[in-house]
Amino acid sequence: MNLWLKFFKLLYKVFFVGSAVLHQKFFIKRHLIPQLKPFFENSDHTLTATDYKKITRYYGLIVPAILGELICFLRKEKMTFEERKYSTYQCSLTGLVDDFFDIQEYTLDEVRQMVSFEKPPINSSEKLSEFLHRESVHFYNTREGYLKSLDDVLCVQEDSRQQFHQGVLNKEQLLDLTIRKGGESFLYFIRLYLKKVTPQDDDFFYLLGGITQFSNDIFDLYEDLQENVDTLLTTSTSIKEVKNLYYSLIRQLFEKSTDTSFQKIGSFLEFYSIGVFNRCVICLDQYESLQKSSPSGIFQPKLYSRSDLICDMEKPSNLIRSFTIDIKKEINYSSISSK
(Lines give C-alpha, C1' and ligand atoms only; values in the text may rest on other atoms or scores of the structure.)
Protein backbone atom coordinates (compact mmCIF):
# COMPACT_ATOMS: atom_id res chain seq x y z
CA MET A 1 0.00 0.00 0.00
CA ASN A 2 1.23 3.50 -0.88
CA LEU A 3 2.94 5.19 2.08
CA TRP A 4 0.86 8.36 1.65
CA LEU A 5 -2.36 6.37 1.66
CA LYS A 6 -1.25 4.68 4.89
CA PHE A 7 -0.52 8.10 6.35
CA PHE A 8 -3.97 9.45 5.50
CA LYS A 9 -5.58 6.32 6.90
CA LEU A 10 -3.65 6.93 10.10
CA LEU A 11 -4.89 10.54 10.24
CA TYR A 12 -8.45 9.27 9.87
CA LYS A 13 -7.96 6.85 12.77
CA VAL A 14 -6.54 9.61 14.97
CA PHE A 15 -9.43 11.91 14.04
CA PHE A 16 -11.98 9.15 14.73
CA VAL A 17 -10.60 8.42 18.19
CA GLY A 18 -10.04 12.10 19.06
CA SER A 19 -13.55 13.15 18.07
CA ALA A 20 -15.06 10.18 19.92
CA VAL A 21 -13.25 11.16 23.13
CA LEU A 22 -14.27 14.83 22.79
CA HIS A 23 -17.90 13.85 22.20
CA GLN A 24 -17.91 11.69 25.33
CA LYS A 25 -16.19 14.42 27.39
CA PHE A 26 -18.95 16.83 26.35
CA PHE A 27 -21.60 14.29 27.36
CA ILE A 28 -19.97 13.74 30.76
CA LYS A 29 -19.75 17.48 31.44
CA ARG A 30 -23.30 18.20 30.38
CA HIS A 31 -25.20 15.09 31.50
CA LEU A 32 -23.21 12.86 33.89
CA ILE A 33 -21.52 15.33 36.24
CA PRO A 34 -24.81 17.05 37.24
CA GLN A 35 -26.12 13.58 38.17
CA LEU A 36 -23.00 12.76 40.20
CA LYS A 37 -22.69 16.01 42.14
CA PRO A 38 -25.40 15.40 44.79
CA PHE A 39 -23.87 12.04 45.70
CA PHE A 40 -20.33 13.39 46.06
CA GLU A 41 -21.33 16.63 47.79
CA ASN A 42 -23.07 14.64 50.54
CA SER A 43 -20.76 11.64 50.53
CA ASP A 44 -19.24 9.66 53.35
CA HIS A 45 -15.83 7.93 53.25
CA THR A 46 -17.05 5.35 50.72
CA LEU A 47 -17.04 7.93 47.88
CA THR A 48 -13.80 9.83 47.35
CA ALA A 49 -12.17 12.20 44.89
CA THR A 50 -10.44 9.14 43.43
CA ASP A 51 -13.83 7.57 42.68
CA TYR A 52 -14.95 10.78 40.97
CA LYS A 53 -11.80 10.83 38.86
CA LYS A 54 -12.14 7.16 37.91
CA ILE A 55 -15.74 7.68 36.79
CA THR A 56 -15.29 10.92 34.84
CA ARG A 57 -11.81 10.33 33.37
CA TYR A 58 -11.59 6.58 32.98
CA TYR A 59 -14.59 4.24 33.30
CA GLY A 60 -17.21 6.71 32.12
CA LEU A 61 -14.95 8.20 29.46
CA ILE A 62 -12.65 5.66 27.82
CA VAL A 63 -14.94 2.64 27.50
CA PRO A 64 -17.92 4.41 25.85
CA ALA A 65 -15.65 6.67 23.77
CA ILE A 66 -13.32 3.97 22.46
CA LEU A 67 -14.92 0.54 22.80
CA GLY A 68 -18.48 1.83 22.44
CA GLU A 69 -17.80 3.91 19.34
CA LEU A 70 -15.79 1.10 17.74
CA ILE A 71 -18.60 -1.40 18.33
CA CYS A 72 -21.01 1.05 16.72
CA PHE A 73 -18.56 1.38 13.80
CA LEU A 74 -18.49 -2.40 13.57
CA ARG A 75 -22.29 -2.75 13.44
CA LYS A 76 -22.53 0.18 10.95
CA GLU A 77 -24.88 2.23 13.13
CA LYS A 78 -24.12 5.39 15.08
CA MET A 79 -24.41 5.39 18.86
CA THR A 80 -27.80 6.65 20.01
CA PHE A 81 -28.20 9.09 22.88
CA GLU A 82 -29.78 6.34 25.00
CA GLU A 83 -26.87 3.98 24.32
CA ARG A 84 -24.37 6.67 25.25
CA LYS A 85 -26.25 7.54 28.42
CA TYR A 86 -26.74 4.02 29.68
CA SER A 87 -23.30 2.77 28.63
CA THR A 88 -21.80 5.67 30.58
CA TYR A 89 -23.88 4.72 33.62
CA GLN A 90 -22.95 1.07 33.20
CA CYS A 91 -19.24 1.81 32.91
CA SER A 92 -19.33 4.26 35.83
CA LEU A 93 -20.83 1.50 37.95
CA THR A 94 -17.89 -0.80 37.19
CA GLY A 95 -15.36 0.90 39.45
CA LEU A 96 -17.83 1.08 42.32
CA VAL A 97 -18.57 -2.65 42.08
CA ASP A 98 -14.80 -3.35 42.04
CA ASP A 99 -14.54 -1.49 45.35
CA PHE A 100 -17.41 -3.50 46.84
CA PHE A 101 -15.28 -6.61 46.42
CA ASP A 102 -11.76 -5.22 46.90
CA ILE A 103 -12.15 -2.48 49.51
CA GLN A 104 -15.47 -2.92 51.30
CA GLU A 105 -15.10 -6.73 51.07
CA TYR A 106 -18.74 -7.54 50.38
CA THR A 107 -19.58 -11.15 49.63
CA LEU A 108 -20.84 -12.27 46.23
CA ASP A 109 -24.33 -12.73 47.65
CA GLU A 110 -24.34 -9.20 49.09
CA VAL A 111 -23.38 -7.68 45.73
CA ARG A 112 -25.96 -9.83 43.98
CA GLN A 113 -28.59 -8.52 46.38
CA MET A 114 -27.60 -4.94 45.57
CA VAL A 115 -27.79 -5.36 41.79
CA SER A 116 -31.18 -7.06 42.15
CA PHE A 117 -32.37 -4.22 44.48
CA GLU A 118 -32.99 -6.65 47.36
CA LYS A 119 -30.59 -4.79 49.67
CA PRO A 120 -31.37 -1.13 50.46
CA PRO A 121 -28.31 1.15 50.06
CA ILE A 122 -26.77 2.25 53.35
CA ASN A 123 -23.76 4.35 52.31
CA SER A 124 -22.81 6.82 49.59
CA SER A 125 -21.20 4.37 47.17
CA GLU A 126 -24.18 2.01 47.45
CA LYS A 127 -26.61 4.88 46.83
CA LEU A 128 -24.75 6.04 43.75
CA SER A 129 -24.49 2.47 42.49
CA GLU A 130 -28.20 1.91 42.93
CA PHE A 131 -28.99 5.13 41.05
CA LEU A 132 -26.74 4.27 38.10
CA HIS A 133 -28.03 0.70 37.92
CA ARG A 134 -31.72 1.46 38.46
CA GLU A 135 -31.70 4.22 35.83
CA SER A 136 -30.48 1.85 33.15
CA VAL A 137 -31.57 -1.68 34.09
CA HIS A 138 -34.76 -1.59 32.03
CA PHE A 139 -32.76 -0.69 28.92
CA TYR A 140 -30.27 -3.48 29.61
CA ASN A 141 -33.04 -6.04 30.00
CA THR A 142 -33.83 -5.65 26.30
CA ARG A 143 -30.36 -6.98 25.50
CA GLU A 144 -30.09 -10.74 25.12
CA GLY A 145 -27.86 -12.38 27.71
CA TYR A 146 -27.23 -9.18 29.69
CA LEU A 147 -28.23 -10.49 33.13
CA LYS A 148 -26.15 -13.64 32.73
CA SER A 149 -23.15 -11.56 31.64
CA LEU A 150 -23.57 -9.31 34.67
CA ASP A 151 -23.59 -12.29 37.02
CA ASP A 152 -20.57 -13.81 35.25
CA VAL A 153 -18.63 -10.60 35.89
CA LEU A 154 -19.54 -10.71 39.58
CA CYS A 155 -18.48 -14.36 39.82
CA VAL A 156 -15.07 -13.60 38.30
CA GLN A 157 -14.60 -10.77 40.81
CA GLU A 158 -15.32 -13.17 43.64
CA ASP A 159 -12.99 -15.84 42.19
CA SER A 160 -10.27 -13.21 41.84
CA ARG A 161 -10.58 -12.22 45.47
CA GLN A 162 -10.58 -15.82 46.70
CA GLN A 163 -7.55 -16.78 44.62
CA PHE A 164 -5.49 -13.81 45.75
CA HIS A 165 -6.35 -14.56 49.38
CA GLN A 166 -4.84 -18.00 48.86
CA GLY A 167 -1.44 -16.51 48.04
CA VAL A 168 0.79 -15.98 45.01
CA LEU A 169 -0.57 -17.56 41.84
CA ASN A 170 1.52 -19.26 39.17
CA LYS A 171 1.68 -17.91 35.62
CA GLU A 172 -1.02 -20.23 34.29
CA GLN A 173 -3.44 -19.19 37.05
CA LEU A 174 -2.65 -15.50 36.54
CA LEU A 175 -3.20 -15.78 32.79
CA ASP A 176 -6.49 -17.62 33.27
CA LEU A 177 -7.70 -15.02 35.75
CA THR A 178 -6.60 -12.14 33.50
CA ILE A 179 -8.41 -13.55 30.45
CA ARG A 180 -11.56 -14.41 32.41
CA LYS A 181 -11.76 -11.03 34.11
CA GLY A 182 -11.34 -9.06 30.91
CA GLY A 183 -13.32 -11.49 28.79
CA GLU A 184 -16.45 -11.59 30.92
CA SER A 185 -16.36 -7.80 31.30
CA PHE A 186 -16.26 -7.34 27.53
CA LEU A 187 -19.18 -9.71 26.94
CA TYR A 188 -21.07 -7.64 29.52
CA PHE A 189 -20.25 -4.34 27.80
CA ILE A 190 -20.85 -5.34 24.19
CA ARG A 191 -24.39 -6.49 24.92
CA LEU A 192 -25.38 -2.88 25.41
CA TYR A 193 -24.57 -2.17 21.75
CA LEU A 194 -25.25 -5.52 20.07
CA LYS A 195 -28.71 -7.06 20.39
CA LYS A 196 -27.57 -10.38 18.97
CA VAL A 197 -24.14 -11.98 18.78
CA THR A 198 -23.02 -15.33 17.36
CA PRO A 199 -20.96 -17.83 19.40
CA GLN A 200 -17.99 -16.88 17.18
CA ASP A 201 -18.52 -13.19 18.01
CA ASP A 202 -18.59 -14.09 21.70
CA ASP A 203 -15.30 -16.01 21.38
CA PHE A 204 -13.66 -13.05 19.63
CA PHE A 205 -14.83 -10.43 22.15
CA TYR A 206 -14.02 -12.68 25.10
CA LEU A 207 -10.39 -12.98 23.97
CA LEU A 208 -10.26 -9.28 23.07
CA GLY A 209 -11.43 -8.46 26.60
CA GLY A 210 -8.80 -10.73 28.09
CA ILE A 211 -6.03 -9.14 26.03
CA THR A 212 -7.31 -5.69 26.99
CA GLN A 213 -7.10 -6.64 30.68
CA PHE A 214 -3.56 -7.88 30.02
CA SER A 215 -2.86 -4.53 28.31
CA ASN A 216 -4.17 -2.63 31.34
CA ASP A 217 -1.87 -4.66 33.57
CA ILE A 218 1.07 -3.68 31.35
CA PHE A 219 0.36 0.03 31.79
CA ASP A 220 -0.69 -0.26 35.44
CA LEU A 221 2.49 -2.02 36.58
CA TYR A 222 3.61 0.71 38.98
CA GLU A 223 0.13 1.11 40.50
CA ASP A 224 -0.29 -2.66 40.94
CA LEU A 225 3.08 -2.85 42.69
CA GLN A 226 2.01 -0.11 45.10
CA GLU A 227 -1.21 -1.98 45.86
CA ASN A 228 0.52 -5.38 46.15
CA VAL A 229 -1.58 -6.82 43.32
CA ASP A 230 -0.12 -9.85 41.56
CA THR A 231 -0.31 -9.73 37.76
CA LEU A 232 1.62 -11.29 34.89
CA LEU A 233 3.82 -8.16 34.93
CA THR A 234 4.46 -7.77 38.65
CA THR A 235 5.54 -11.41 38.94
CA SER A 236 7.60 -11.57 35.73
CA THR A 237 11.39 -11.77 35.53
CA SER A 238 11.56 -11.77 31.71
CA ILE A 239 9.91 -9.15 29.51
CA LYS A 240 10.72 -11.24 26.44
CA GLU A 241 8.46 -13.99 27.78
CA VAL A 242 5.70 -11.45 28.43
CA LYS A 243 6.07 -10.08 24.89
CA ASN A 244 5.91 -13.53 23.34
CA LEU A 245 2.75 -14.32 25.29
CA TYR A 246 1.18 -10.97 24.41
CA TYR A 247 1.94 -11.38 20.70
CA SER A 248 0.68 -14.96 20.72
CA LEU A 249 -2.68 -13.93 22.18
CA ILE A 250 -3.08 -11.13 19.63
CA ARG A 251 -2.30 -13.48 16.77
CA GLN A 252 -5.01 -15.81 18.09
CA LEU A 253 -7.37 -12.84 18.15
CA PHE A 254 -6.72 -11.95 14.52
CA GLU A 255 -7.33 -15.58 13.57
CA LYS A 256 -10.64 -15.64 15.47
CA SER A 257 -11.70 -12.40 13.77
CA THR A 258 -12.12 -14.22 10.44
CA ASP A 259 -15.01 -16.24 11.90
CA THR A 260 -17.02 -13.28 13.19
CA SER A 261 -20.18 -11.92 11.56
CA PHE A 262 -18.80 -8.40 10.99
CA GLN A 263 -17.69 -7.06 7.61
CA LYS A 264 -15.56 -4.29 9.12
CA ILE A 265 -13.66 -6.47 11.59
CA GLY A 266 -10.32 -5.75 9.87
CA SER A 267 -10.73 -1.99 10.22
CA PHE A 268 -11.93 -2.47 13.80
CA LEU A 269 -8.70 -4.28 14.65
CA GLU A 270 -6.60 -1.62 12.96
CA PHE A 271 -8.24 1.01 15.18
CA TYR A 272 -7.76 -1.18 18.25
CA SER A 273 -4.12 -1.82 17.41
CA ILE A 274 -3.20 1.86 17.35
CA GLY A 275 -5.27 2.60 20.45
CA VAL A 276 -4.17 -0.35 22.61
CA PHE A 277 -1.77 -2.93 21.19
CA ASN A 278 0.86 -0.60 19.76
CA ARG A 279 0.93 1.44 22.96
CA CYS A 280 1.59 -1.69 24.99
CA VAL A 281 4.42 -2.75 22.69
CA ILE A 282 6.08 0.62 23.36
CA CYS A 283 5.57 0.17 27.09
CA LEU A 284 7.03 -3.35 26.99
CA ASP A 285 10.03 -2.02 25.05
CA GLN A 286 10.59 0.44 27.92
CA TYR A 287 10.48 -2.40 30.47
CA GLU A 288 12.81 -4.51 28.33
CA SER A 289 15.36 -1.69 28.31
CA LEU A 290 15.21 -1.64 32.10
CA GLN A 291 15.84 -5.37 32.21
CA LYS A 292 18.81 -5.12 29.83
CA SER A 293 20.37 -2.35 31.93
CA SER A 294 20.10 -4.44 35.09
CA PRO A 295 23.39 -6.08 36.20
CA SER A 296 21.53 -9.33 36.84
CA GLY A 297 19.81 -9.28 33.45
CA ILE A 298 16.54 -10.04 35.24
CA PHE A 299 13.44 -7.88 35.25
CA GLN A 300 12.90 -6.77 38.87
CA PRO A 301 10.00 -4.28 38.88
CA LYS A 302 10.08 -3.69 42.63
CA LEU A 303 13.56 -2.19 42.32
CA TYR A 304 12.62 0.42 39.70
CA SER A 305 11.39 3.95 40.32
CA ARG A 306 8.04 5.40 39.36
CA SER A 307 9.56 7.30 36.44
CA ASP A 308 11.14 4.05 35.22
CA LEU A 309 7.80 2.23 35.14
CA ILE A 310 5.45 4.96 33.90
CA CYS A 311 5.14 4.91 30.13
CA ASP A 312 4.18 8.41 29.03
CA MET A 313 2.32 8.08 25.72
CA GLU A 314 2.06 11.87 25.52
CA LYS A 315 5.81 12.09 24.85
CA PRO A 316 6.43 12.99 21.20
CA SER A 317 8.88 10.12 20.77
CA ASN A 318 6.31 7.58 21.97
CA LEU A 319 3.54 9.07 19.85
CA ILE A 320 5.74 8.98 16.75
CA ARG A 321 6.76 5.40 17.55
CA SER A 322 3.09 4.38 17.85
CA PHE A 323 2.24 5.98 14.51
CA THR A 324 5.31 4.42 12.88
CA ILE A 325 4.26 0.97 14.06
CA ASP A 326 0.86 1.50 12.46
CA ILE A 327 2.16 2.85 9.15
CA LYS A 328 4.97 0.32 8.65
CA LYS A 329 3.12 -2.64 10.21
CA GLU A 330 6.45 -3.49 11.80
CA ILE A 331 5.03 -5.54 14.67
CA ASN A 332 4.48 -9.17 13.70
CA TYR A 333 0.86 -9.37 14.81
CA SER A 334 -0.05 -6.32 12.74
CA SER A 335 0.90 -8.08 9.50
CA ILE A 336 -2.03 -10.42 10.07
CA SER A 337 -4.44 -7.54 9.49
CA SER A 338 -2.60 -6.15 6.47
CA LYS A 339 -4.64 -6.15 3.29
query = Mind checking which pairs have a first residue in region 256-277 that is hydroxyl-bearing (Ser, Thr, Tyr) and a second that is in a loop (DSSP other than H, G, I, E, B), Cβ under 7 Å, 6 or more apart or different chains?
reply = SER261/THR198
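Which ones in region 115-126 are within 15 Å of CYS155 (Cβ to Cβ) and touching a residue at least 12 places away in the same chain (Cβ under 8 Å)? Break it down into steps so the answer makes sense when it comes.
Step one: of region 115-126, the residues within 15 Å of CYS155 (Cβ to Cβ) are 115-116.
Hit for region 115-126 is VAL115, nothing else.
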task = For region 292-307, state whether one or more residues are out of contact with any helix residue (DSSP H, G or I) (no Cβ under 8 Å at 6 or more places or on another chain) and under 20 Å from ILE179 (Cβ atoms).
result = no
request  = Of the conditions (1) at pLDDT 90 or above; (2) within 28 Å of ILE274 (Cα to Cα); (3) surrounded by 15 or more Cβ atoms within 10 Å (Cβ to Cβ), LYS29 clears all except one; give me its number.
outcome  = (3)
query = With (1) among the β-branched types (Val, Ile, Thr); (2) in contact with a Lys or Arg (Cβ under 8 Å, 6 or more places away or on another chain); (3) free of Cβ contacts under 8 Å to residues at least 40 places away in the same chain as the list, and THR142 as the residue in question, which single condition is left unmet?
reply = (3)
Residues of region 116-127 that turn out to be within 19 Å of LEU36 (Cα to Cα) and crowded, with 16+ Cβ neighbours inside 10 Å, as a count = 4
message = Condition (residue is closer than 29 Å to THR260 by Cα, surrounded by fewer than 21 Cβ atoms within 10 Å (Cβ to Cβ) and of a type in the set (Val, Ile, Thr)) applied to region 65-77: is it met by at least one residue?
response = yes
Qualifying residues in region 286-308 (those that are under 30 Å from VAL14 (Cα atoms) and free of Cβ contacts under 8 Å to residues at least 12 places away in the same chain) - the one surrounded by the fewest Cβ atoms within 10 Å (Cβ to Cβ) = SER307
query = Exactly one of (1) crowded, with 19+ Cβ neighbours inside 10 Å; (2) hydroxyl-bearing (Ser, Thr, Tyr); (3) within 30 Å of LEU147 (Cβ to Cβ) is unmet by TYR246. Its number?
reply = (3)
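Take the conditions closer than 22 Å to VAL229 by Cβ and among the charged types (D, E, K, R) and apply them to ASP203. Does it pass? Spell out the reasoning first.
Details: closer than 22 Å to VAL229 by Cβ: no; among the charged types (D, E, K, R): yes.
Against the criterion (closer than 22 Å to VAL229 by Cβ and among the charged types (D, E, K, R)), ASP203 does not qualify.
The values are calculated or read from the model by the stated rules, or taken from the named source; none is laboratory data. Since this is a predicted model, take the numbers as computed values, not measurements. Cβ atoms come from the backbone with ideal geometry, glycine included; neighbour counts cover every protein chain shown.
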